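Asks: Below you'll find the structure I mean.
The values are calculated or read from the model by the stated rules, or taken from the named source; none is laboratory data. Not measured: the values here are computed from a predicted model. So basically every Cβ, Gly included, is an ideal-geometry build from the backbone, and we count neighbours across all protein chains shown. The protein model used for the area step is the full one, side chains on, heavy atoms only, and it has no ligands, DNA or RNA in it. Shrake-Rupley method; radii C 1.70, N 1.55, O 1.52, S 1.80 Å.
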Amino acid sequence: MKTELKTALVMGIILLVAIGGASAYFSSLEPQMQNQLDKSIQTQSKETSKILNIDKSRLKKAPELIGIAGYINTTPEELKAAMKDKVILYDFWTYSCINCIRTLPYITAWNSKYADKGLLIIGIHSPEFEFEKDFNNVQTAVKQYNITYPVVQDNEMKTWKAFDNRYWPRKYITDSEGYIRYDHIGEGGYIETEKIIQDLLQERSKLLGLNIVSAQPLVDLEEHQFTAEQTPELYFGYNFALSRNYLGNPEGFKPDKVVTYSLPEKLSLNNFYLEGQWQNFDDKMKLISENGKIVLPYFAQSVNIVAANESELQILLDGKHLTTENEGTDVKNGSVHILNNKLYNLVSSKEADQHTLTIVAKQGFEIYTFTFG
(Lines give C-alpha, C1' and ligand atoms only; values in the text may rest on other atoms or scores of the structure.)
Protein backbone atom coordinates (compact mmCIF):
# COMPACT_ATOMS: atom_id res chain seq x y z
CA MET A 1 0.00 0.00 0.00
CA LYS A 2 1.34 3.41 -0.95
CA THR A 3 1.45 5.71 2.05
CA GLU A 4 4.00 8.33 1.02
CA LEU A 5 3.07 11.80 2.26
CA LYS A 6 4.93 14.87 1.12
CA THR A 7 5.18 17.13 4.15
CA ALA A 8 7.85 19.74 3.79
CA LEU A 9 8.72 23.37 3.52
CA VAL A 10 10.32 23.32 0.08
CA MET A 11 11.62 26.35 -1.85
CA GLY A 12 9.39 28.69 0.11
CA ILE A 13 6.22 26.67 -0.53
CA ILE A 14 4.34 25.91 2.65
CA LEU A 15 2.98 22.38 2.61
CA LEU A 16 0.64 21.80 5.53
CA VAL A 17 -0.70 18.24 5.81
CA ALA A 18 -3.77 17.28 7.85
CA ILE A 19 -3.36 14.83 10.72
CA GLY A 20 -6.45 12.91 9.64
CA GLY A 21 -9.46 12.85 7.41
CA ALA A 22 -8.07 12.06 3.99
CA SER A 23 -8.96 9.32 1.55
CA ALA A 24 -6.16 8.34 -0.77
CA TYR A 25 -6.08 6.84 -4.24
CA PHE A 26 -5.72 3.21 -3.06
CA SER A 27 -4.07 4.62 0.06
CA SER A 28 -4.92 6.24 3.39
CA LEU A 29 -3.53 8.18 6.30
CA GLU A 30 -2.56 5.52 8.82
CA PRO A 31 -2.96 6.25 12.57
CA GLN A 32 0.77 5.89 13.29
CA MET A 33 1.51 8.51 10.63
CA GLN A 34 -0.84 11.04 12.16
CA ASN A 35 1.42 11.68 15.17
CA GLN A 36 4.30 12.46 12.83
CA LEU A 37 2.13 14.81 10.80
CA ASP A 38 0.90 16.54 13.96
CA LYS A 39 4.46 17.46 14.90
CA SER A 40 5.10 18.61 11.34
CA ILE A 41 2.07 20.92 11.38
CA GLN A 42 3.12 22.51 14.67
CA THR A 43 6.50 23.39 13.14
CA GLN A 44 5.18 24.52 9.78
CA SER A 45 2.34 26.66 11.11
CA LYS A 46 4.95 28.94 12.66
CA GLU A 47 6.21 29.61 9.15
CA THR A 48 2.94 30.93 7.73
CA SER A 49 3.81 34.52 8.72
CA LYS A 50 6.80 34.33 6.37
CA ILE A 51 4.72 33.45 3.33
CA LEU A 52 4.91 36.87 1.72
CA ASN A 53 8.71 37.16 1.93
CA ILE A 54 9.76 34.61 -0.70
CA ASP A 55 11.57 34.46 -4.01
CA LYS A 56 8.83 33.59 -6.50
CA SER A 57 11.33 32.61 -9.17
CA ARG A 58 11.81 29.36 -7.28
CA LEU A 59 8.10 28.49 -7.02
CA LYS A 60 5.97 26.20 -9.17
CA LYS A 61 2.91 27.47 -11.00
CA ALA A 62 -0.38 25.59 -10.92
CA PRO A 63 -0.96 23.44 -14.01
CA GLU A 64 -3.80 24.10 -16.44
CA LEU A 65 -7.20 22.49 -15.90
CA ILE A 66 -7.23 19.70 -18.47
CA GLY A 67 -9.57 16.89 -19.47
CA ILE A 68 -12.63 18.66 -18.05
CA ALA A 69 -15.85 16.78 -18.86
CA GLY A 70 -18.35 19.27 -17.44
CA TYR A 71 -18.76 22.69 -15.87
CA ILE A 72 -21.16 23.60 -13.05
CA ASN A 73 -21.85 27.20 -11.95
CA THR A 74 -19.65 28.44 -14.80
CA THR A 75 -18.64 27.99 -18.44
CA PRO A 76 -15.13 27.44 -19.83
CA GLU A 77 -15.00 31.06 -21.02
CA GLU A 78 -16.31 32.48 -17.75
CA LEU A 79 -13.91 30.42 -15.68
CA LYS A 80 -10.88 31.43 -17.75
CA ALA A 81 -11.76 35.10 -17.35
CA ALA A 82 -12.50 34.73 -13.62
CA MET A 83 -9.09 33.16 -12.92
CA LYS A 84 -7.12 36.21 -14.08
CA ASP A 85 -5.30 37.97 -11.20
CA LYS A 86 -7.18 35.95 -8.57
CA VAL A 87 -6.03 34.08 -5.50
CA ILE A 88 -7.32 30.59 -6.33
CA LEU A 89 -8.19 27.75 -3.99
CA TYR A 90 -8.30 24.46 -5.93
CA ASP A 91 -10.36 21.94 -3.95
CA PHE A 92 -10.02 18.31 -5.06
CA TRP A 93 -13.09 16.46 -3.85
CA THR A 94 -15.70 13.86 -4.74
CA TYR A 95 -19.29 13.98 -3.58
CA SER A 96 -19.55 10.60 -1.80
CA CYS A 97 -16.38 11.15 0.27
CA ILE A 98 -17.26 11.91 3.90
CA ASN A 99 -13.90 13.62 4.47
CA CYS A 100 -14.63 15.95 1.55
CA ILE A 101 -18.18 16.62 2.72
CA ARG A 102 -16.99 17.69 6.18
CA THR A 103 -14.74 20.37 4.64
CA LEU A 104 -17.49 21.97 2.53
CA PRO A 105 -19.02 24.22 5.23
CA TYR A 106 -15.63 25.92 5.60
CA ILE A 107 -15.04 26.22 1.87
CA THR A 108 -18.48 27.66 1.16
CA ALA A 109 -18.05 30.09 4.07
CA TRP A 110 -14.70 31.26 2.67
CA ASN A 111 -16.35 31.77 -0.69
CA SER A 112 -19.00 33.99 0.90
CA LYS A 113 -16.40 36.02 2.83
CA TYR A 114 -13.66 36.47 0.27
CA ALA A 115 -15.09 36.07 -3.26
CA ASP A 116 -15.55 39.84 -3.57
CA LYS A 117 -12.04 40.45 -2.25
CA GLY A 118 -10.21 38.48 -4.93
CA LEU A 119 -10.57 34.80 -3.94
CA LEU A 120 -11.77 32.30 -6.52
CA ILE A 121 -12.60 28.77 -5.38
CA ILE A 122 -12.65 26.02 -7.99
CA GLY A 123 -14.03 22.64 -6.98
CA ILE A 124 -12.25 19.93 -8.96
CA HIS A 125 -14.54 16.93 -8.79
CA SER A 126 -12.32 13.88 -9.34
CA PRO A 127 -14.52 10.76 -8.97
CA GLU A 128 -13.59 7.70 -6.95
CA PHE A 129 -16.46 5.59 -8.31
CA GLU A 130 -18.00 5.29 -11.76
CA PHE A 131 -21.39 6.74 -10.75
CA GLU A 132 -19.66 9.93 -9.58
CA LYS A 133 -18.85 10.74 -13.21
CA ASP A 134 -22.51 11.42 -13.94
CA PHE A 135 -23.12 15.16 -14.48
CA ASN A 136 -26.59 15.09 -12.93
CA ASN A 137 -25.31 13.33 -9.79
CA VAL A 138 -22.59 15.93 -9.31
CA GLN A 139 -24.98 18.79 -10.01
CA THR A 140 -27.41 17.42 -7.40
CA ALA A 141 -24.60 17.27 -4.83
CA VAL A 142 -23.49 20.82 -5.65
CA LYS A 143 -27.01 22.05 -4.93
CA GLN A 144 -27.34 19.90 -1.80
CA TYR A 145 -24.20 21.40 -0.24
CA ASN A 146 -25.00 24.98 -1.32
CA ILE A 147 -21.93 25.28 -3.53
CA THR A 148 -22.10 28.41 -5.67
CA TYR A 149 -18.47 28.60 -6.81
CA PRO A 150 -17.32 26.91 -10.06
CA VAL A 151 -17.07 23.11 -10.08
CA VAL A 152 -15.40 21.19 -12.91
CA GLN A 153 -15.64 17.47 -13.64
CA ASP A 154 -12.23 15.82 -13.79
CA ASN A 155 -13.71 12.46 -14.80
CA GLU A 156 -10.54 10.99 -16.29
CA MET A 157 -8.38 12.34 -13.43
CA LYS A 158 -6.23 14.33 -15.87
CA THR A 159 -6.12 17.50 -13.77
CA TRP A 160 -5.65 15.31 -10.66
CA LYS A 161 -2.56 13.80 -12.30
CA ALA A 162 -1.31 17.19 -13.52
CA PHE A 163 -1.25 18.35 -9.89
CA ASP A 164 0.39 15.04 -8.90
CA ASN A 165 -2.41 14.51 -6.41
CA ARG A 166 -3.28 11.28 -4.58
CA TYR A 167 -5.78 12.34 -1.91
CA TRP A 168 -9.37 13.38 -1.27
CA PRO A 169 -9.78 16.09 -0.14
CA ARG A 170 -6.79 18.22 -1.04
CA LYS A 171 -6.50 21.99 -1.31
CA TYR A 172 -3.93 23.95 -3.28
CA ILE A 173 -3.88 27.75 -3.06
CA THR A 174 -2.16 29.91 -5.64
CA ASP A 175 -1.34 33.60 -5.42
CA SER A 176 -2.63 36.17 -7.92
CA GLU A 177 0.26 35.34 -10.25
CA GLY A 178 -0.55 31.61 -10.30
CA TYR A 179 2.23 30.31 -8.03
CA ILE A 180 1.35 27.47 -5.63
CA ARG A 181 1.79 28.84 -2.12
CA TYR A 182 -0.10 26.33 0.00
CA ASP A 183 -0.93 22.62 -0.10
CA HIS A 184 -3.15 20.88 2.45
CA ILE A 185 -4.16 17.21 2.52
CA GLY A 186 -7.32 16.03 4.30
CA GLU A 187 -9.60 17.68 6.81
CA GLY A 188 -8.56 20.17 9.46
CA GLY A 189 -6.04 23.00 9.28
CA TYR A 190 -8.86 25.47 8.75
CA ILE A 191 -7.27 28.30 10.75
CA GLU A 192 -3.96 27.97 8.86
CA THR A 193 -5.77 27.77 5.53
CA GLU A 194 -7.86 30.88 6.11
CA LYS A 195 -4.85 32.85 7.32
CA ILE A 196 -3.05 31.91 4.10
CA ILE A 197 -6.07 33.13 2.13
CA GLN A 198 -5.99 36.44 3.98
CA ASP A 199 -2.23 36.86 3.52
CA LEU A 200 -2.38 36.15 -0.20
CA LEU A 201 -5.35 38.47 -0.69
CA GLN A 202 -3.39 41.20 1.07
CA GLU A 203 -0.41 40.52 -1.20
CA ARG A 204 -2.70 40.68 -4.24
CA SER A 205 -4.11 44.00 -3.07
CA LYS A 206 -0.61 45.49 -2.87
CA LEU A 207 0.46 44.07 -6.26
CA LEU A 208 -2.63 45.41 -8.03
CA GLY A 209 -2.72 48.72 -6.15
CA LEU A 210 -6.09 47.99 -4.58
CA ASN A 211 -7.45 49.12 -1.24
CA ILE A 212 -9.04 45.87 -0.03
CA VAL A 213 -8.89 44.74 3.58
CA SER A 214 -8.98 40.94 3.84
CA ALA A 215 -8.11 40.54 7.53
CA GLN A 216 -11.24 39.82 9.55
CA PRO A 217 -12.46 37.28 12.13
CA LEU A 218 -11.90 33.70 11.03
CA VAL A 219 -14.70 31.28 10.21
CA ASP A 220 -15.62 29.49 13.43
CA LEU A 221 -17.39 26.16 12.91
CA GLU A 222 -17.47 22.93 14.89
CA GLU A 223 -14.65 20.73 13.59
CA HIS A 224 -14.86 16.94 13.47
CA GLN A 225 -12.64 15.25 16.05
CA PHE A 226 -10.88 11.99 15.19
CA THR A 227 -10.00 9.16 17.58
CA ALA A 228 -7.03 6.84 17.16
CA GLU A 229 -9.28 3.80 17.65
CA GLN A 230 -11.73 4.78 14.90
CA THR A 231 -12.52 2.07 12.36
CA PRO A 232 -10.87 2.86 8.99
CA GLU A 233 -12.75 3.23 5.73
CA LEU A 234 -13.87 -0.20 4.45
CA TYR A 235 -14.17 -0.98 0.74
CA PHE A 236 -16.35 -3.64 -0.90
CA GLY A 237 -14.61 -3.69 -4.29
CA TYR A 238 -11.97 -6.33 -4.96
CA ASN A 239 -9.67 -3.70 -6.53
CA PHE A 240 -9.14 -2.29 -3.05
CA ALA A 241 -8.53 -5.68 -1.44
CA LEU A 242 -4.78 -5.61 -2.01
CA SER A 243 -4.37 -2.66 0.34
CA ARG A 244 -7.59 -2.70 2.36
CA ASN A 245 -8.93 -6.22 2.75
CA TYR A 246 -11.38 -6.03 5.66
CA LEU A 247 -13.78 -8.71 4.40
CA GLY A 248 -13.98 -11.14 7.32
CA ASN A 249 -15.67 -14.09 5.59
CA PRO A 250 -13.36 -17.02 4.87
CA GLU A 251 -14.79 -17.17 1.32
CA GLY A 252 -12.98 -13.90 0.60
CA PHE A 253 -13.10 -11.83 -2.58
CA LYS A 254 -13.67 -13.63 -5.89
CA PRO A 255 -13.28 -11.14 -8.78
CA ASP A 256 -16.40 -10.92 -10.97
CA LYS A 257 -17.91 -14.04 -9.36
CA VAL A 258 -21.14 -14.61 -7.44
CA VAL A 259 -20.14 -15.95 -4.03
CA THR A 260 -22.34 -17.52 -1.35
CA TYR A 261 -21.23 -16.09 1.99
CA SER A 262 -22.08 -17.44 5.46
CA LEU A 263 -21.57 -15.60 8.74
CA PRO A 264 -18.79 -17.17 10.85
CA GLU A 265 -19.31 -17.74 14.56
CA LYS A 266 -16.58 -15.30 15.60
CA LEU A 267 -16.61 -11.69 14.37
CA SER A 268 -13.58 -9.39 14.61
CA LEU A 269 -13.61 -5.63 15.14
CA ASN A 270 -13.14 -3.50 12.00
CA ASN A 271 -14.09 -6.31 9.62
CA PHE A 272 -17.35 -6.58 7.68
CA TYR A 273 -19.15 -9.89 7.15
CA LEU A 274 -21.63 -10.94 4.47
CA GLU A 275 -24.52 -13.39 4.36
CA GLY A 276 -26.20 -14.43 1.13
CA GLN A 277 -25.12 -14.45 -2.50
CA TRP A 278 -23.11 -11.39 -3.49
CA GLN A 279 -21.55 -10.58 -6.85
CA ASN A 280 -18.00 -9.24 -6.57
CA PHE A 281 -17.20 -6.15 -8.66
CA ASP A 282 -14.00 -4.14 -8.83
CA ASP A 283 -15.48 -1.24 -6.82
CA LYS A 284 -18.60 -2.68 -5.11
CA MET A 285 -20.70 -5.72 -4.22
CA LYS A 286 -24.24 -6.46 -5.37
CA LEU A 287 -26.74 -8.68 -3.57
CA ILE A 288 -27.94 -11.44 -5.91
CA SER A 289 -29.97 -13.60 -3.52
CA GLU A 290 -33.45 -12.57 -2.43
CA ASN A 291 -32.18 -11.52 1.01
CA GLY A 292 -28.81 -10.81 2.51
CA LYS A 293 -26.99 -9.30 5.46
CA ILE A 294 -23.92 -7.22 6.25
CA VAL A 295 -22.62 -7.36 9.83
CA LEU A 296 -19.98 -4.90 11.04
CA PRO A 297 -18.32 -4.68 14.47
CA TYR A 298 -16.88 -1.14 14.58
CA PHE A 299 -15.59 1.67 16.80
CA ALA A 300 -16.73 5.16 15.82
CA GLN A 301 -19.21 7.93 16.54
CA SER A 302 -20.95 7.82 13.17
CA VAL A 303 -21.29 5.29 10.35
CA ASN A 304 -22.00 5.98 6.67
CA ILE A 305 -22.34 3.87 3.56
CA VAL A 306 -21.93 4.73 -0.10
CA ALA A 307 -24.69 2.76 -1.79
CA ALA A 308 -26.73 2.50 -4.98
CA ASN A 309 -29.72 0.85 -6.66
CA GLU A 310 -33.13 1.62 -5.20
CA SER A 311 -33.81 -0.59 -2.20
CA GLU A 312 -35.05 -0.60 1.38
CA LEU A 313 -32.63 -1.55 4.16
CA GLN A 314 -33.35 -2.61 7.73
CA ILE A 315 -30.76 -1.21 10.14
CA LEU A 316 -29.96 -2.74 13.54
CA LEU A 317 -27.45 -1.56 16.13
CA ASP A 318 -26.38 -4.19 18.66
CA GLY A 319 -29.37 -6.28 17.58
CA LYS A 320 -31.98 -3.52 17.98
CA HIS A 321 -33.71 -1.52 15.25
CA LEU A 322 -32.57 2.09 15.11
CA THR A 323 -35.31 4.57 16.01
CA THR A 324 -35.41 8.06 17.52
CA GLU A 325 -31.96 7.79 19.11
CA ASN A 326 -30.48 8.41 15.67
CA GLU A 327 -32.43 11.50 14.64
CA GLY A 328 -30.70 13.41 11.86
CA THR A 329 -29.53 10.28 10.04
CA ASP A 330 -31.04 8.79 6.90
CA VAL A 331 -32.62 6.02 9.00
CA LYS A 332 -36.36 6.38 9.60
CA ASN A 333 -38.17 3.91 11.86
CA GLY A 334 -35.38 1.39 11.61
CA SER A 335 -34.98 1.48 7.83
CA VAL A 336 -33.33 3.58 5.14
CA HIS A 337 -34.52 4.03 1.58
CA ILE A 338 -31.69 3.90 -0.97
CA LEU A 339 -32.68 5.96 -3.98
CA ASN A 340 -29.72 7.85 -5.45
CA ASN A 341 -26.10 6.82 -5.74
CA LYS A 342 -24.57 8.67 -2.80
CA LEU A 343 -23.47 8.58 0.83
CA TYR A 344 -26.07 7.68 3.49
CA ASN A 345 -25.63 8.32 7.23
CA LEU A 346 -26.79 5.29 9.25
CA VAL A 347 -25.54 6.01 12.77
CA SER A 348 -24.85 9.25 14.59
CA SER A 349 -24.01 8.79 18.28
CA LYS A 350 -23.06 11.35 20.92
CA GLU A 351 -19.62 9.81 21.34
CA ALA A 352 -17.40 7.16 19.77
CA ASP A 353 -17.88 3.64 21.08
CA GLN A 354 -17.80 0.00 20.01
CA HIS A 355 -20.98 -1.42 18.45
CA THR A 356 -22.17 -4.02 15.95
CA LEU A 357 -24.13 -2.76 12.96
CA THR A 358 -26.36 -5.08 10.94
CA ILE A 359 -27.81 -4.23 7.52
CA VAL A 360 -30.60 -6.45 6.21
CA ALA A 361 -30.95 -5.98 2.46
CA LYS A 362 -33.04 -7.13 -0.47
CA GLN A 363 -31.99 -8.37 -3.91
CA GLY A 364 -30.27 -5.75 -6.07
CA PHE A 365 -28.73 -3.67 -3.28
CA GLU A 366 -25.27 -2.34 -4.15
CA ILE A 367 -22.68 -1.12 -1.62
CA TYR A 368 -19.30 0.52 -2.21
CA THR A 369 -17.87 1.55 1.18
CA PHE A 370 -18.32 2.09 4.89
CA THR A 371 -16.97 5.41 6.17
CA PHE A 372 -16.80 6.65 9.75
CA GLY A 373 -16.68 9.75 11.89
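Asks: Return the sequence-ordered ³J(HN,Hα) values of the stretch 154-170 in whole Hz as given by the Karplus equation 6.51 cos²θ - 1.76 cosθ + 1.60 applied to θ = phi - 60°, using x for Gly and Pro.
Replies: In residue order, the calculated couplings are 9, 4, 9, 6, 6, 5, 3, 6, 4, 7, 6, 8, 9, 9, 10, x, 8 Hz.
Asks: What are the residues whose amide H is under 5 Å from the amide H of Leu120, where those residues sit 5 or more places off or on another chain and H is modelled from the backbone?
Replies: The list, which skips near neighbours in sequence, is Val87, Ile88, Leu89.
Asks: Among the lysines, which fall within straight-line cross-link reach of Lys332, defined as a Cα-Cα distance under 21 Å, with same-chain neighbours fewer than 8 residues apart omitted?
Replies: Here the lysines satisfying the reach criterion relative to Lys332 are Lys293, Lys320, Lys342, Lys350, Lys362.
Asks: Let me ask another. Compute the signed sum of charges (Lys and Arg +1, Asp and Glu -1) over the other residues within less than 9 Å, Cβ to Cβ, of Gly276.
Replies: Neighbour charge sum, excluding Gly276 itself: -1.
Asks: Please give the direction-averaged projected area of the C-alpha convex hull for the stretch 119-165, in square nanometres with one decimal.
Replies: Across all orientations, the stretch 119-165 yields a mean hull projection of 3.6 nm².
Asks: Another question, then. Can you tell me the FRET efficiency between Gln279 and Glu223 if r is taken as the Cβ-Cβ distance and R0 is 41 Å, rounded to the nearest 0.05?
Replies: It comes to 0.55.
Asks: Let me ask something else. Given a 1.4 Å probe and heavy atoms of the protein chains only, how would you sort Thr329, Thr140, Thr108, largest accessible area at the top?
Replies: My answer, sorted largest first, is Thr140, Thr108, Thr329.
Asks: Please report the antiparallel percentage of the DSSP beta bridges confined to the stretch 92-194, to the nearest 5.
Replies: In the stretch 92-194, approximately 55 percent of DSSP beta bridges are antiparallel ones.
Asks: While we're here: Taking the Cβ of Thr260 as the center, what net charge do the other residues with Cβ under 12 Å away carry, scoring Lys and Arg +1 and Asp and Glu -1?
Replies: Charge balance near Thr260 sits at 0.
Asks: So what does Trp93 come to for accessible area, using a 1.4 Å probe and Å² rounded to 10?
Replies: The accessible area of Trp93 comes to roughly 0 Å².
Asks: Something else now. Apply 1/(1 + (r/R0)^6) to the Cβ-Cβ distance of Asn239 and Lys266, taking R0 = 45 Å, and write down the FRET efficiency to the nearest 0.05.
Replies: After rounding, the FRET efficiency stands at 0.95.
Asks: Ignoring ligands, DNA and RNA, what percent of the 1.4 Å accessible area of the stretch 162-251 is carbon and sulfur?
Replies: C and S fraction of accessible area: 49 percent.
Asks: Also, quick follow-up: Report, in whole Å, the centroid distance computed from the Cα atoms of the stretch 271-296 and the stretch 86-102.
Replies: 30
Asks: Further question on the same structure: Taking 0.36 nm per residue of separation and subtracting the Cα-Cα distance, what length does fully extending Glu351 through Leu316 add?
Replies: Length difference between fully extended and current span is 10.8 nm.
Asks: Could you list, in their original order, any pairs among Lys161/Lys254; Lys161/Lys257; Lys60/Lys206 whose Cα atoms are separated by more than 24 Å?
Replies: Result: Lys161/Lys254; Lys161/Lys257 exceed 24 Å.
Asks: If you split all Cα-Cα distances of the stretch 253-355 into 10 Å bins from zero, what percentages do you get per bin, shortest first?
Replies: Per 10 Å bin, starting at zero, the Cα-Cα P(r) for the stretch 253-355 comes out as 14, 44, 36, 7 percent.
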